[in-house]
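Working notes, beginning with the structure itself.
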Amino acid sequence: MSRKLSPIIKSEDLIKLSQSQEIVLIDASAGSQARYDQDHLAGALFADVNTDLANIGDFAIGGRHPLPTPGQFAGMLQRFGISKDSHVIVYDDKMGGNAAARLWWMLKAVGHEKVQVIDGGFDAAVKAGFPTSSAAETPKHAAPYPVGDWILPLSDIKEVESLAKTEDHIVIDVRDANRFAGLAEPIDLIAGHIPGAANIPYTENLEADGTFLTPDVLKEKYTSALANVKPENVIVHCGSGITACHTLLAMDYAGLPIPKLYVGSWSEWSRNNKEMVLAG
């Protein structure tokens with residue numbers, strides 16, 4: 001029986017892997033096309049978080065970064081030269097790799113097995129000696145990617161509303177503590193959180209240098225936080241469905257089941273006249 005591929009790859013292992021086999025390297029840096037054009041890991045293709053990883057429309061219906069349809073995502077995978085057998089390596093340039101985690105989740109959610117996120121992202125890879133480039137990169141040709149429906153668990157606004165306050169479920173909000181408490185809201189219209197939600201900021205998955213805590217430490221952390229809640233009763237959200245994937249990635253890295261993702265998150269919830277916990 002083959003060993004499960006870790007969802008996280010260290011930069012040193014990435015360098016060895018790239019020298020021994022073909023990979024598809026993807027830069028998912030949110031909003032950083034200009035930075036990508038100036039400098040990216042050699043061979044990396046740029047995935048835009050707004051157009052490749054989301055299907056943005058009315059923020060009140062699905063939030064700021066709703067998922068594309070599986071068919072739309074299949075088209076993106078073909079354009080990027082990704083087949084079912086491709087070994088995909090994803091990174092971004094933010095601490096923790098939030099957008100990279102979103103693409104990791106999307107690939108896992110269509111059944112793609114060989115996908116990993118670079119621990120520490122762009123900076124860690126460069127520090128380890130992975131070459132960079134400003135050249136235009138061309139994807140390889142690929143046949144249409146076979147996609148059915150999303151196979152990882154999803155939640156929606158109705159389910160969250162009905163379950164958030166129940167004792168046998170837990171809704172985790174991964175935003176920082178000030179946003180959760182309603183003390184600051186730099187993006188959405190209203191500051192606060194979903195009643196009954198628990199705040200476990202995604203930054204608590206990380207060491208000071210932006211790399212992940214060890215799987216054992218992460219497992220102990222989330223096992224304790226979830227107490228007796230069954231894995232299928234855990235729902236994770238953030239502001240727009242991007243950063244929540246970081247915690248899903250961390251839990252998978254820890255060897256725990258991947259919880260439900262509430263994609264609409266606070267950006268959808270706060271635009272639908274739902275009950276909210278506000279500051280004060």
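No value in this document is a laboratory result; all are computed from the given coordinates. All figures in this text were calculated on a predicted structure; none of them were measured in a lab. Here the Cβ positions follow ideal geometry from the backbone for every residue, glycine too, while neighbour counts run over all protein chains shown.
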For region 154-269, share of DSSP beta bridges that run antiparallel, in % to the nearest 5: 10
Other-chain or far-sequence residues with amide H under 5 Å of residue 9's (modelled H): 117, 118, 119
Chain lengthening between residue 50 and residue 203 when straightened (0.36 nm per residue, less Cα-Cα): 52.8 nm
Cβ-derived FRET efficiency at R0 30 Å, residue 216 paired with residue 156, nearest 0.05: 0.35
Most fluctuating residue given options 249, 152, 183, as computed from a GNM of the chain linking Cα atoms under 10 Å: 183
Residue-averaged [θ]222 nm for the chain, counting only DSSP H segments that reach four residues, each worth -39500 (n - 2.57): -8000 deg cm²/dmol
Karplus (6.51, -1.76, 1.60) ³J(HN,Hα), θ = phi - 60°, over region 129-141, in Hz, Gly and Pro reported as x: x, 5, x, 10, 7, 10, 6, 5, 9, 10, x, 6, 6
Point-charge dipole on Cβ atoms (K/R +1, D/E -1) for region 40-124, about Cα centre, debye to 20: 200
Among 61, 242, 258: highest mean-square fluctuation, GNM of the chain, C-alpha pairs under 10 Å: 61
Debye log10 I(q)/I(0) for region 8-133, one point scatterer per Cα, at q = 0.09, 0.10 Å⁻¹: -0.23, -0.29
Under 14 Å from residue 219, Cα to Cα: aspartates and glutamates that are on another chain or at least 8 residues apart: 204, 252
Excluding exposed DSSP-loop GluC sites (Glu not before Pro) (at most 14 other C-beta within 10 Å), longest clean stretch of the chain: 23-112
Per-pair calculated FRET efficiency, R0 = 30 Å: residue 60 and residue 136 via Cβ, rounded to 0.05: 0.20
DSSP beta bridge pairing in the chain, given as percent antiparallel to the nearest 5: 15
Chain lengthening between residue 178 and residue 190 when straightened (0.36 nm per residue, less Cα-Cα): 3.0 nm
For region 154-269, radius of gyration divided by Kirkwood radius, i.e. Rg to Rh on alpha-carbons: 0.94
Binned Cα-Cα distances of the chain, short to long, each 5 Å bin given as a whole percent: 1, 6, 13, 17, 19, 17, 13, 8, 4, 2, 0, 0
Residues listed by number, region 1-21, amide nitrogen under 19 Å from residue 128 label point at 7 Å toward C-beta: 4-21
Of 199, 228, 55, the one that fluctuates the most in a GNM where the chain has Cα springs shorter than 10 Å: 228
Coil-residue trypsin sites (Lys or Arg not before Pro) of region 140-182, DSSP, other Cβ within 10 Å capped at 12: 140
FRET E, pair residue 20, residue 273, Förster distance 45 Å, beta-carbon r, rounded to 0.05: 0.25
Label-zone membership for region 113-156, site residue 12, 7 angstrom Cα→C-beta point, backbone N under 19 Å: 117-131
